[in-house]
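What follows is a short report on a single structure.
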Amino acid sequence: MNENLKEACGIFGIAGKENTNIYSKIYYGLFALQHRGQESAGIAGAMVNANGFKQKGIVKDMGIVPEALRNKFVEGNFGIGHVRYSTTGSSSIENSQPIQIKCNDEIFAIAHNGNIVNTAEIKQKLRVATFLTTSDSEVIANLIAHHYVSGKNFLECLKQAMKEIVGSYCLVILYQNKIIAVRDPNGFRPLVIGKNEDEEGEICVASETCALDAIGFSYMRDVEPGEIFVAEYAKGMKISSSTYSVLKDKISYCMFEYVYFARADSVINNASVYQVRKEMGKILASESYVDADIVIPVPDSGITAAIGYAEWCIEHSKRICYSEGLMKNRYVGRTFILPNQADREKELCTKLNPIKTEIDGKRIVLIDDSIVRGTTIKRLIKILRDKGAKEVHIRVSCPPIKFTCKFGIDMQTAKEFIARDKSIDEIAALIGADSLQYISRDGLVKAIGTENLCYACLTGISPVTEKQTKLIE
Ligand code: SF4
C-alpha cells in the first residue's frame, strides 16, 4: 500500500469529426484517468474544420473531475485535457492544466505528465522575467515558444525542445488544426493512441487505455518513446508521426506503472497491466511460497497479485484459499493523496475493515504491491492479529524501494524508506510479520516481459545517459 507514493498526472487529447463536440469524450476520458491525479482537472478546446481553426478557450478548476468541471463547458471538435497530481509545483489553480501560451500571435495549449529534471537550466536560458506557475508544463511550453519565435516550423521547434528537455514527459498539445502527442525518448510514462471504430476519422491519445475504453475507442498502439504523433484536420483526418531520439536513450518504462500506478484494466506498452500483476503474484508465490491457510490482498492495489499468488498455489496443489480478509470502504479516497500523515492514519482505520470470520485462527499470507515506509503494513498486521490471525506472512510484488524517483513520481525522502538501510529480516521484525519476502528484480522483469525498464528507485542507477545524469546531479 503506497502510503507515500503519489502519481504523476493523466493526459488526454482528441481530434474529433467536423461539427461535433468532443467535450463529453474528454470529460469521461479524464474521469477514467482520475487515479493519476485528483488535485485539479481541465479541458482546452478548438473548433477545427475545412475553413480553419479557432481556439475556444480552457476550463479548469481544483478537485476531481466532477468537481473541477461541474457546470463548465468548452466548445470544439478538437481538445486536450489533464488531471493533475503535483509532482513539482504547488497544488494551486495557477498550476492546473492545460495551460495556454501565446507566441507569434498564435496560441497553443499544452498538458504534461512527468517531471523535468533540468528546469532551472532551461529557465535560465529562456530569460522569461516571470513564470506564472511553478509547474514544468509552463517551462516546456515557453521553451517551445522560444524556438517558435525564431520562425521555424512548429514541429521542428518541438523537436528542438525535446533535445533540450531532460526527464520524463508525455505531452498533448492543441495547436492550430492539430492534436500533437509527444513521449520522451526513454518512454518513462505511458501514452496510447486510440480510434473510434464507429466514427471513422476520430483519433485520441491518453495516458492509459482505460480512457479509450471509457469513450468506446479501440487501442491502436502506444506512442513510441521519442515519437511525435500528430492527428490533424486537412479536408478530413490525417495522421502522421515522426520519431525523434537524438539522445539515443535506452527505453526505460517506469516499472511502477505496472506495479501500482496504471489501472489494472489498462494496456500499456502493449502489455495488459492485469496480466502483468497476476504474473507478479505467481512469480512471488514460486519464489517465496509459505505454508498458510488463506492468501488475502491489501485492497485494492494488492488484489491482482494475490489472485496470481492463489492461482499458483492451486496449480501446485497447495491447500491455500483466496479470501478478501480486509474489506475496503470504497467511499473513502486513496489515503496517500491526503496531505499529511496524521490524516492518512486516521483514514486507514475507516478504510480497511478486517473480516473476523475469515481471519480468526488462520495463518495468513497478506499480499501488498509495495512497502514504502512500512507504517501502513505494520498497522494492518496488528489489525489482523487483533482479529485472531495465528500467523501473518507478508509477500510484496515489488522489490524493496530504496531511492527517490526523479522522473515524475513524488516520494518521501529516501531516509524514510524502510528498506533504505535495513535487511529484510530487520524489516519483518519492525513491522511485526512472521515472515517477509519481496519479488526478486529478475522476477519483476519476467512478469513485465521486457528488460526495457526504469528501476532507479530500486537500484539508484538512473537510466538516462551520462550527460543527462550530470544534469540530474
Ligand atoms: S525511479 Fe521508480 S518510480 Fe521513478 S520512473 Fe523509475 S521506476 Fe518509476
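The values are calculated or read from the model by the stated rules, or taken from the named source; none is laboratory data. Just so it is clear, the model here is predicted, and its values are computed rather than measured. For neighbour counting, all protein chains shown are included, and Cβ atoms are generated from backbone atoms with ideal geometry for every residue, glycine included.
Couple of notes before you dig in:
- Hits in the stretch 401-416 - residues which are on the phi < 0 side of the Ramachandran plot, within 12 Å of the ligand (Cβ to nearest atom) and touching a residue at least 24 places away in the same chain (Cβ under 8 Å): 401, 402, 403, 404, 405, 406, 407, 409, 410, 411
- Checked against the criterion of being surrounded by fewer than 23 Cβ atoms within 10 Å (Cβ to Cβ) and in contact (Cβ under 8 Å) with a residue 60 or more places away in the chain, the stretch 182-198 contains not a single residue that satisfies it.
- Any chance residue 410 is in contact with a Ser or Thr (Cβ under 8 Å, 6 or more places away or on another chain) and not aromatic (Phe, Trp, Tyr): yes
- Residue match in the stretch 220-243 (condition: under 22 Å from residue 34 (Cβ atoms), assigned to a strand (DSSP E or B), among the hydrophobic types (A, V, I, L, M, F, W, C) and in the same structural domain as residue 143 (by TED's automatic domain parsing)): no
- Spans of strands (runs of 3 or more DSSP E) in the stretch 144-198 with at least 3 residues under 17 Å from residue 100 (Cβ atoms) and not assigned by TED's automatic domain parsing to the domain that holds residue 455: 167-175, 178-183
- When residues of the stretch 443-457 are limited to those that are near the ligand (Cβ under 7 Å from one of its atoms) and more than 13 Å from residue 269 (Cβ to Cβ), the one surrounded by the fewest Cβ atoms within 10 Å (Cβ to Cβ): 455
- Residue that is nearest to the ligand (Cβ to nearest atom) [pool: residues in the stretch 382-400 that are out of contact with any Phe, Trp or Tyr (no Cβ under 6 Å at 6 or more places or on another chain) and either assigned to a strand (DSSP E or B) or closer than 25 Å to residue 441 by Cα (or both)]: 398
- Test: residue in the stretch 285-294 that is surrounded by 24 or more Cβ atoms within 10 Å (Cβ to Cβ) and under 11 Å from the mean Cα position of the chain (by Cα): no
- Among the residues listed as 395, 379, 420, 385, the single one being under 29 Å from residue 188 (Cα atoms) and either free of Cβ contacts under 8 Å to residues at least 12 places away in the same chain or surrounded by fewer than 19 Cβ atoms within 10 Å (Cβ to Cβ) (or both): 420
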